[in-house]
Amino acid sequence: MSGLRQTTLRGLFGAVLLTATAGSSFATEPGNIGNLLAGATMGAPIAAAPPEGVFFNNTFYYAPVLAGDGNAGCGVGCKSRYTGGVDSATVSWGTGMTFLGGVWFPTINIVGDELTETNTPYPPAGGIGASPVYGNVLVEEIRNLYVNPINFSWRIGGIPLFVNAGLGFVAPVGTNYPGSTVPDYWTVRPHWAVSYLGQGWNLTANFTYDINTASQGKTGLYQIIALNPATPVPVSTLLTGPANPGNGYTTGNYLYIDWTATKKFDKWELGPVGFFKFQTTDDTPGGINPATGAAWTCNQLTAAKLPTCGKDVNVGAGLLVGYNFGPVDMKFIYTNAFYSKDTVGSNTGSSFWIKTSFKLWSPDDPPAKKPLYTKN
């Protein structure tokens, strides 16, 4: 909110707050929601490089009363709902430099999230170790850092058609207390996009492929279960030792497709937007199963009634309304995930986005005026 995941949002995805339903399945490492929020790039003409200068983009994402769907649900009769917000800050550098005809424009992104829950499903206090998960109704997290150093844009012929390709990575530098939703693993992120920007149109499709590495087992649902005061001591001991399935758990890779089809009318912008998220490879659990002496399998986790594997699908669409104030461009987006599997979102609530972008500096800026009087 993986970048919007986040694209991460404890309450928005509800994954880590499910310790009472240890048999549930998840598409990512249980309790971690990935390093990118589906829909994060909607509305952006992302295939076109900015002009020379430094530019700032801020995306605020708000999702009220969401709940899990499919294998990410919290069980029959569960009434927990989660409301949260994410703020994502991106800085882009329009270098003006070219390589093989493409304009180089690196970017960097960091995200924070805050959430509340309408029904705290766990007893207060702690458990083994210390974690702010229990007894809290407001949680704040800093998510991982996305660095996108290889990022190029090409204009195709004499028409306003742009193609973008690049390669970035997500470094696990975010909040990592036990039970955090922030992944504690690296993600390698190739991406490509196409944008047609003629006659006031923004027709853009952005493709992002997250290749996830193995988790360190610090965060996520297994540690939530271990910390739950209601968890039997043998189970807590199992999940905090070498048998912890989260230690070495490799989340399947994700393909994200964000699309935009808007038209400008003077300073106004209007049109539909949407997103697709598909998990393309299977999860691979980690830890050492005491019964086999080898890493857990998904079937073994299911049989042990522990959180196990799934395959994430999330599809949504909505409407963008934007206005250009001159130095600041703002876009408001409403979306709803109308189909989801092993994730959170389908028909459980609406999502609202506010995107703001403006220039921080460019070489064309006039020099600062000299003072009329100077001291000797």
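The numbers here are math on the coordinates, done by the rules we state, and not lab data. Keep in mind that what you see is a predicted model, and the values were worked out from it rather than measured. Because the Cβ atoms are built from the backbone with ideal geometry, glycine has one as well, and the counts that use them run over all protein chains shown.
From the backbone phi of segment 278-286, what are the Karplus-calculated ³J(HN,Hα) couplings (6.51 cos²θ - 1.76 cosθ + 1.60, θ = phi - 60°) in whole Hz, Gly and Pro given as x?
Result, ordered by residue: 10, 8, 9, 10, 7, 5, 10, x, x Hz.
7 Å from Cα along Cα→Cβ at both N299 and Y62: what's the point-to-point distance in nm?
It works out to 4.8 nm between the two label points.
Two decimals, Cα atoms only, Kirkwood Rh: what is Rg/Rh over segment 245-314?
1.34
In cubic angstrom, how much convex hull volume per residue do the alpha carbon atoms of segment 284-356 span?
Cα-based convex hull of segment 284-356, divided per residue, equals 119 Å³.
Mind checking the dipole of segment 167-323: about its Cα centre, +1 per Lys or Arg Cβ, -1 per Asp or Glu Cβ, Debye to the nearest 20?
With only Lys, Arg, Asp and Glu charged at Cβ, the dipole is about 120 debye.
Can you tell me how much longer the chain between D282 and V188 gets when fully stretched, taken as 0.36 nm per residue apart minus their C-alpha distance, in nm with one decimal?
Going from the current span to full extension adds 32.2 nm.
Quick one: Karplus J couplings for segment 306-318, per residue in order, coefficients 6.51, -1.76, 1.60, θ = phi - 60°, nearest Hz, x for Gly and Pro?
9, x, 10, 8, x, 9, 6, 9, 8, 10, x, 8, x
What full-extension length gain, to one decimal in nm, is calculated for Y334 and D87 as 0.36 nm per residue of separation minus the Cα-Cα distance?
Residue separation times 0.36 nm, minus the Cα-Cα distance, leaves 87.3 nm.
Run the Debye formula on the Cα coordinates of segment 142-202, all scatterers equal and no solvent, and tell me log10 I(q)/I(0) at q = 0.27, 0.28, 0.29 1/Å.
Taken in order of the listed q values, log10 I(q)/I(0) reads -1.02, -1.06, -1.10.
Quick one: if you stick a label point 7 Å off each Cα along the C-beta vector at W361 and N253, how many nm between them?
Between W361 and N253, the label points sit 3.8 nm apart.
Run the reach check for K331 against aspartates and glutamates, Cα to Cα strictly under 13 Å, same-chain hits fewer than 8 apart removed. What comes back?
Straight-line reach from K331, under 13 Å: E269.
Using R₀ = 22 Å, calculate the FRET efficiency as 1/(1 + (r/R₀)^6) where r is the Cβ-Cβ separation of T237 and A291; round to 0.05.
Once the sixth-power term is evaluated, E becomes 0.90.
For segment 143-183, calculate the relative contact order in percent as a whole number, restricting contacts to Cα pairs under 8 Å that are 6 or more residues apart.
Averaging sequence separation for qualifying contacts and normalising by length gives 46 percent for segment 143-183.
F352 versus M97, label points 7 Å from Cα toward the beta carbon: distance in nm?
So the label points at F352 and M97 sit 4.3 nm apart.
Could you run the Karplus curve 6.51 cos²θ - 1.76 cosθ + 1.60 with θ = phi - 60° over segment 34-44 and give me ³J(HN,Hα) per residue in whole Hz, x for Gly and Pro?
Each residue of segment 34-44 in turn: x, 9, 8, 8, 4, x, 4, 9, 4, x, 8 Hz.
Of the cross-linked pairs K264/K311; K267/K311; K277/K305, which ones have a Cα-Cα span greater than 32 Å in the structure shown?
Cα-Cα > 32 Å for K264/K311; K267/K311; rest within.
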